[in-house]
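Beneath this line is the structure, given in structure tokens, with notes to follow.
Values in this text are rule-based calculations from the coordinates and carry no lab data. All figures in this text were calculated on a predicted structure; none of them were measured in a lab. FYI the Cβ positions are ideal-geometry reconstructions off the backbone, even for glycines, and counts take in every protein chain you see.
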Amino acid sequence: MIRFGPSGNSNAFYEQGHKSTTEAPAWCAAQGLNAYEYSFGRGINVSDKKANEIGAEGKKHDVAISVHAPYYINFANPSDEMAQKSVGYVINSALKAKQFYGDRVVFHPSTVGKMSRAEAVALTEKRLVWLAEEIRAAHLDDVWFCPETMGKINQIGDVEEITRFCKIADFYLPAIDFGHVNARTYGSLKSAEDFEKLLLQVINALGQERASKMHVHFSKIEYSQGGEVRHLTFADTVFGPEFAPLAKMLVKYKLQPVIICESDGTQSQDAVAMKNEYQRILSEEAL
């Protein structure tokens, strides 16, 4: 089943008087949404009690909760000790995801640093083999671990790199951030055919079944020569990308991802807009 939801709480959530993320699943469900992403961007700092409460609310309202592991993960760090810390951050994020009754952990793979891109990719791949071993040892292989496409040029995480990493283990699932891909390719995602080419790249690399379950981030993102600058809202008409061309291809290829909106402050409203657009296209195709 395809799912739509926000990353974190939108401005509207707070403007309507809500204060606690425990209230977020019910609020999302009332908007017609059925997914939610909890970010550990600056650290895994939610208590077990709080995570269990949020998870129970998500289960009650059929809002699937994914988590985003800390942003400072870097599997291409020259130091094995520091890379092992990244392994720990992902494992601990997965343990917390289980308390949310969630089964998806999104993480940033790595940055190029002072090595060549090829060296950084190879080192990242080696460390993701380590991570896979730790995942199995912790009996967490019933969780999807989702390396994400990244928006800055000096970050590891173009579509080819992400699908390469996902071949390491069958519990690795691509997190395709279309805003990031668009930013790092200077606005390449415009037509339905542009999105189709990208989706076929994932399908051909990983197969229809795994591609259908992919994790998706979507937002419009300002970019410059270095790639991503900042997240925007759907009101943007300059940078893109637009969701409608992607929705057409999701329907065409019968893909059922979890789609998380990362708009700046309007992520819930924009997630609803995406859901409505998808359902409109789905209805037209059924005629």
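Mind checking the full-extension length gain between ALA26 and ILE44? Use 0.36 nm per residue of separation minus the Cα-Cα distance, one decimal, nm. Please list the in-between numbers first.
Details: separation 18, 0.36 × 18 = 6.48 nm, distance 2.30 nm.
This chain segment gains 4.2 nm when fully extended.
Search the structure for amide H atoms under 5 Å from the amide H of HIS68, placed 1.01 Å from N in the peptide plane, and list their residues when 5 or more places away or on another chain.
TYR38, SER39, PHE40, VAL106
Quick one: Kirkwood hydrodynamic radius for the stretch 1-66, alpha-carbon pairs, angstrom, one decimal?
Details: mean 1/r = 0.0832 Å⁻¹.
Over the stretch 1-66, the inverse of the mean reciprocal pair distance is 12.0 Å.
Tabulate in residue order the Karplus-calculated ³J(HN,Hα) for the stretch 86-103, using 6.51 cos²θ - 1.76 cosθ + 1.60 with θ = phi - 60°, rounded to whole Hz; enter x for Gly and Pro.
4, 4, x, 4, 5, 4, 5, 5, 5, 4, 6, 4, 4, 5, 7, 6, x, 9
Give the residues of the stretch 258-277 whose amide nitrogen is closer than 18 Å to a point set 7 Å from the Cα of GLU15 in the direction of its Cβ.
262-274, by backbone N distance to the label point.
How are the Cα pair distances of the stretch 128-287 distributed, in percent, across 5 Å bins from 0?
2, 10, 18, 21, 20, 15, 9, 5, 1, 0
Could you run the Karplus curve 6.51 cos²θ - 1.76 cosθ + 1.60 with θ = phi - 60° over the stretch 122-127 and give me ³J(HN,Hα) per residue in whole Hz, x for Gly and Pro?
With coefficients 6.51, -1.76 and 1.60, one gets 4, 5, 4, 4, 4, 5 Hz.
With unit charges on the beta carbon (Lys/Arg positive, Asp/Glu negative), name the residue among PRO6, ALA30, TYR89 whose Cα is farthest towards the positive pole of the charge dipole of the chain.
Comparing the listed Cα positions along the dipole, TYR89 ranks first.
Take every DSSP beta bridge with both residues inside the chain and express the antiparallel ones as a percent of the total, to the nearest 5. Walk me through the numbers before you get to the answer.
Working: 7 of 32 bridges.
Percent antiparallel among DSSP bridges in the chain is about 20.
State to the nearest 20 debye the size of the charge dipole of the stretch 73-215 about its Cα centre, where the only charges are +1 on K and R beta carbons and -1 on D and E beta carbons.
Numbers: 17 positive and 19 negative charges, 55 e Å.
My answer is approximately 260 debye.
Tell me, what HN-Hα J-couplings in whole Hz come from the Karplus equation 6.51 cos²θ - 1.76 cosθ + 1.60 at θ = phi - 60° for each residue of the stretch 201-213, using x for Gly and Pro?
Along the stretch 201-213, the couplings run 4, 6, 4, 5, 7, 10, x, 4, 4, 6, 4, 4, 8 Hz.
List, in the order given, every pair from LYS114/LYS197; LYS19/LYS98; LYS50/LYS152; LYS252/LYS275; LYS114/LYS152 whose Cα-Cα distance in the structure shown is over 26 Å.
Numbers: LYS114/LYS197 32 Å; LYS19/LYS98 23 Å; LYS50/LYS152 33 Å; LYS252/LYS275 16 Å; LYS114/LYS152 15 Å.
Violating the 26 Å Cα-Cα cut-off are LYS114/LYS197; LYS50/LYS152.
Please name whichever of THR163, ASN276, TYR186 sits farthest to the positive end of the charge dipole of the chain, dipole taken about the Cα centre and charges placed at Cβ: Lys and Arg +1, Asp and Glu -1.
Projecting each Cα onto the dipole axis, the largest value belongs to THR163.
Roughly what % of DSSP beta bridges within the stretch 29-185 run antiparallel, to the nearest 5? Please list the in-between numbers first.
Working: 2 of 15 bridges.
Given both bridge residues lie in the stretch 29-185, the antiparallel proportion sits at roughly 15 percent.
Give me the Kirkwood hydrodynamic radius of the stretch 157-206 in Å, from all C-alpha pairs, to one decimal place?
Values: mean 1/r = 0.0884 Å⁻¹.
Averaging 1/r across every pair of different Cα atoms and inverting gives 11.3 Å.
With +1 on the Cβ of every Lys and Arg and -1 on the Cβ of every Asp and Glu, and nothing else charged, how large is the dipole of the stretch 3-286 about its Cα centre, in debye rounded to the nearest 20?
Working: 31 positive and 36 negative charges, 50 e Å.
With Lys and Arg at +1 and Asp and Glu at -1, about 240 debye.
Gain in length, LYS254 to VAL229, computed as 0.36 nm per residue apart minus the alpha-carbon separation, to one decimal in nm?
On the way: separation 25, 0.36 × 25 = 9.00 nm, distance 3.23 nm.
That pair, LYS254 and VAL229, stretches by 5.8 nm at full extension.
Considering the stretch 68-181, what Rg and Dmax in Å follow from its alpha-carbon atoms?
Expressed in Å, the Cα Rg and Dmax of the stretch 68-181 come to 12.9, 39.
Counting other beta carbons within 10 Å of each residue's own, what order do LEU255, LEU128, LEU200 fall into, fewest first?
Values: LEU255 20, LEU128 26, LEU200 13.
Fewest to most other Cβ atoms nearby, the residues stand as LEU200, LEU255, LEU128.
Ranked by Cβ crowding within 10 angstrom, fewest neighbours first, how are CYS261, CYS166 ordered? Could the numbers behind the result be given before it?
Working: CYS261 31, CYS166 24.
Arranged by neighbour count, lowest to highest, CYS261, CYS166 become CYS166, CYS261.
Place +1 on the Cβ of every Lys and Arg and -1 on the Cβ of every Asp and Glu in the stretch 3-286, take the dipole about the Cα centre, and give the residue among ALA69, ALA211, MET150 whose Cα lies farthest towards its positive end.
The one lying farthest along the dipole's positive direction is ALA69.
Based on the mean of other beta carbon atoms within 10 Å per residue, what is the order of 42-48, 59-65, most packed first? It would help to have the intermediate numbers written out before the result.
Working: 42-48: 11.9, 59-65: 18.0.
Final packing ranking: 59-65, 42-48.
Taking the beta-carbon count within 10 Å as an exposure proxy, list TYR89, TYR172 from fewest neighbours to most. The partial results should precede the final answer.
On the way: TYR89 19, TYR172 22.
By the 10 Å Cβ count, ascending, the order reads TYR89, TYR172.
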